[in-house]
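What follows draws every value from the coordinates through simple rules; no lab data is involved. Remember, predicted model here, so these are calculated numbers, not experimental data. Cβ atoms come from the backbone with ideal geometry, glycine included; neighbour counts cover every protein chain shown.
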Amino acid sequence: MSTTATLTTAPASAPVQATDRWYPLRRTTESLLAPAAALAAAALLFSVFLLFLGASPADFLDLVWRGAFGSWFSLQNTVQRAAPLLLTALCVAIPGQLGLVIIGGEAAVVLGGLAATVAALPLLNTSPIIVWAAMAVAGSAMGAFWIGISGWLRARLNVNEVIASLVLSYIGLALFNHLVEGLLRDPASLNKPSTYGIGDGNMLDTVPWLDVHPGLPVGILACLICWVLIYRSSFGFASRVTGGNIRAAQLQGLPVTKLILLACAIGGGCAGLAGAIEVAAEYGRANASLNAGYGYTGILIAFLARFNPLAIMPMAILLGGLGAAGGLLQRRMGLPDATIQVLQGLIFVSILASDTLYGRFRWFQPRGGA
């Protein structure tokens, strides 16, 4: 009886939306204003925090701009930090289309970097292109496998994906440390345990003519492909339907289990690829430097972008810029390094709170007879 009632009444709002020619504009405006209001609220709260520390919010803003975008060197530093964030944010955004909250991207990054290094070592005497291809495949496969475990636990055993991905993140980081400091350790790495290196000849160079991190074009391309996948494919449509109401998706015969596994694998593959690129472009080997918090920052970026791959790009630059300015803030204002993390925390809380604004204002609701 309840199913019949639902099927009978659900389409009632469709004619209203169809007759309101301004409804798409209302939806777009609402999707822009809510995150903007959240950022403004976070900025206000953080200004109060700075005043409590005896620091000037205006000086803070000026130094952030100079440290993140004020010079070509600053911009390069920002891009270097933003490049892996593009891919780790996709690790959250793709499963997020199905209503899943995956927070284990950090383990996918480090394990992807480790797998990429292991895949490269037997190929050091071959062409660098072969080495890079092997690293990309191995890193992506490991990330897809690790995040896919969370998807499998959710789809098959109905284990909460937040808890599963968080626990697996701790397990993955512990496994990474165990292998790097034990079985795969290079005996020559004394102060900082590391694996054997992939060699200078196999390191990725900066992007020609731009002199920026090679992960930037890869991340941008991944965001564009994922946008097409989500908004211009049957997989994306089915995922969004499932995210809207998983019970309704099951009643319509959608392969929910397959969608969950595929979304988690794609997201994890992006995070694993980020780890592989960091090894090939920055470190040349797997060590604790890979555990830089990219996976956790990616969560904030995905929520700021509301899981939209195109919106991830400017948000990654914004958060990358905040990270790049951290050193300058320490030197000029005497602020602790954790100050940026406080700001990120306030942004995250504000973004979560902003979800309560959606659908609360009459101007954004569909109207008939327009």
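Here are the numbers for this structure:
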{"quantity": "Cβ-based exposure ranking for THR356, THR126, in which fewest neighbours within 10 Å come first", "calculated": "THR356, THR126"}
{"quantity": "Local net charge near ALA263, Cβ-Cβ under 13 Å (Lys/Arg +1, Asp/Glu -1)", "calculated": "+2"}
{"quantity": "Sorted peptide list for 38-44, 97-103, criterion being average Cβ within 10 angstrom, highest first", "calculated": "97-103, 38-44"}
{"quantity": "Relative contact order of the chain, pairs being alpha-carbon contacts under 8 Å that are 6 or more residues apart, as %", "calculated": "35"}
{"quantity": "Most fluctuating residue given options GLY201, GLY112, GLY293, as computed from a GNM of the chain linking Cα atoms under 10 Å", "calculated": "GLY201"}
{"quantity": "Charge dipole of the chain about the Cα centre (unit charges at C-beta), most positive-ward option of GLY327, ALA116, VAL228", "calculated": "VAL228"}
{"quantity": "Unit charges at the beta carbon, dipole of the chain: most positive-side option, SER354, ILE130, GLY148", "calculated": "SER354"}
{"quantity": "Tilt relative to the chain, helix 23-53 - C-alpha long axis, 0 to 90 degrees, to 10", "calculated": "50"}
{"quantity": "The chain: angle of helix 339-354 to the longest principal axis, Cα-based, in degrees nearest 10", "calculated": "20"}
{"quantity": "Listed peptides 253-262, 155-164 by packing density, highest first (mean Cβ within 10 Å)", "calculated": "253-262, 155-164"}
{"quantity": "Hz values of 3J(HN,Hα) by residue in the stretch 245-255 - Karplus curve (6.51, -1.76, 1.60), Gly and Pro given as x", "calculated": "6, 5, 5, 5, 4, 5, 5, 7, x, 6, x"}
{"quantity": "Estimated Rh, the chain: Kirkwood, alpha-carbon pairs, angstrom", "calculated": "22.0"}
{"quantity": "3J(HN,Hα) from dihedral phi, the stretch 308-319, Karplus parametrisation 6.51/-1.76/1.60, rounded to Hz, x for glycine, proline", "calculated": "8, x, 5, 6, 4, 4, x, 5, 5, 5, 4, 6"}
{"quantity": "Alpha-carbon centroids, the stretch 299-362 and the stretch 102-174: separation in whole Å", "calculated": "25"}
{"quantity": "Folded to 0 to 90 degrees: helix 294-304 orientation relative to the chain principal axis, Cα", "calculated": "20"}
{"quantity": "Sorted by Cβ density within 10 Å, fewest first, the residues HIS178, HIS213", "calculated": "HIS178, HIS213"}
{"quantity": "Chymotrypsin sites (Phe, Trp or Tyr not before Pro) within the stretch 168-268, DSSP loop, no more than 12 other Cβ atoms inside 10 Å", "calculated": "TRP209"}
{"quantity": "Placed amide H near SER194: partners under 5 Å, 5+ positions off or other chain", "calculated": "ASP186, SER189"}
{"quantity": "19 Å tail of the calculated P(r), the stretch 220-270, as % of Cα pairs", "calculated": "25"}
{"quantity": "Neighbour-count order for THR339, THR78, THR206, fewest beta carbons within 10 angstrom listed first", "calculated": "THR206, THR339, THR78"}
{"quantity": "The chain - mean residue ellipticity at 222 nm from DSSP helices (-39,500 (n - 2.57) per run, n ≥ 4, rounded to 500)", "calculated": "-23000 deg cm²/dmol"}
{"quantity": "Cut-off under 5 Å, modelled amide H: who pairs with VAL212 long-range", "calculated": "VAL207"}
